[in-house]
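Below is one structure; the comments refer to it alone.
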Amino acid sequence: MPEISRDEVAHLATLARIDLSDDELDHLAPQLSVILESVASITGVAGDDVAPTSHALPLTNVFREDVVTPCLTPEQALSGAPEVEEQRFSVPRILGEEQ
């Protein structure tokens, strides 16, 4: 894999709208080359017989059963509210009328 030049890093930084100093460009170019070489070595290992995966381990659903349990009535839930309107908490408006 070819080395990434300082100019290519500067171009990528411009596309990403990241302002990098000259020292940062000189520092990042070799690091990005190492990263790309590592990715290239991994892609070379996987053959056609290896199925692509998103996780190394299989995932299972961990949701519990939905069971009805005793809960507060609306009156109990709103009993400590400073203001109530139509069985709802009443809060001050924070947006103007234009919203």
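Show the residue pairs that are 6+ apart or on different chains and have beta-carbon atoms under 7 Å apart, the first residue being within the range 54-76 and of a type outside the set (V, I, T), the second being part of a loop (DSSP other than H, G, I, E, B).
Hits for this filter: P74/Q87.
In the range 9-59, which residues are modelled with pLDDT under 90 and acidic (D, E)?
Within the range 9-59, E37, D48, D49 qualify.
Which pairs do you get when a residue that is aliphatic (A, V, I, L, M), found in the range 1-30, comes within reach of a residue that is part of a loop (DSSP other than H, G, I, E, B), reach meaning Cβ atoms under 6 angstrom, with the pair 6+ apart or on two chains?
A13/L20; A29/I4
Can you go through V62, V67, V91 and tell me which one is assigned to a loop (DSSP other than H, G, I, E, B) and modelled with pLDDT of 90 or more? It would help to see each step written out before you state the result.
Details: V62 fails: modelled with pLDDT of 90 or more; V91 fails: modelled with pLDDT of 90 or more.
None of the others qualify; the one that does is V67.
Can you go through E86, E97 and tell me which one is loosely packed, with under 10 Cβ neighbours inside 10 Å, assigned to a loop (DSSP other than H, G, I, E, B), of a type in the set (D, E) and at pLDDT below 85? Before you say what the answer is, go through the steps one by one.
Numbers: E86 fails: at pLDDT below 85.
None of the others qualify; the one that does is E97.
Looking only at the range 7-23, count how many residues are loosely packed, with under 14 Cβ neighbours inside 10 Å and either farther than 27 Å from G44 by Cβ or small (G, A, S) (or both).
Going residue by residue through the range 7-23, those that are loosely packed, with under 14 Cβ neighbours inside 10 Å are 7, 11, 14-19, 21-23.
Adding the requirement that they be either farther than 27 Å from G44 by Cβ or small (G, A, S) (or both) leaves 7, 14-19, 21-23.
Selection size over the range 7-23: 10.
The values are calculated or read from the model by the stated rules, or taken from the named source; none is laboratory data. The structure presented is a predicted model; accordingly, all values stated were derived computationally and were not measured. Reconstructed Cβ throughout: ideal geometry from the backbone, glycine too, with neighbour counts over all protein chains shown.
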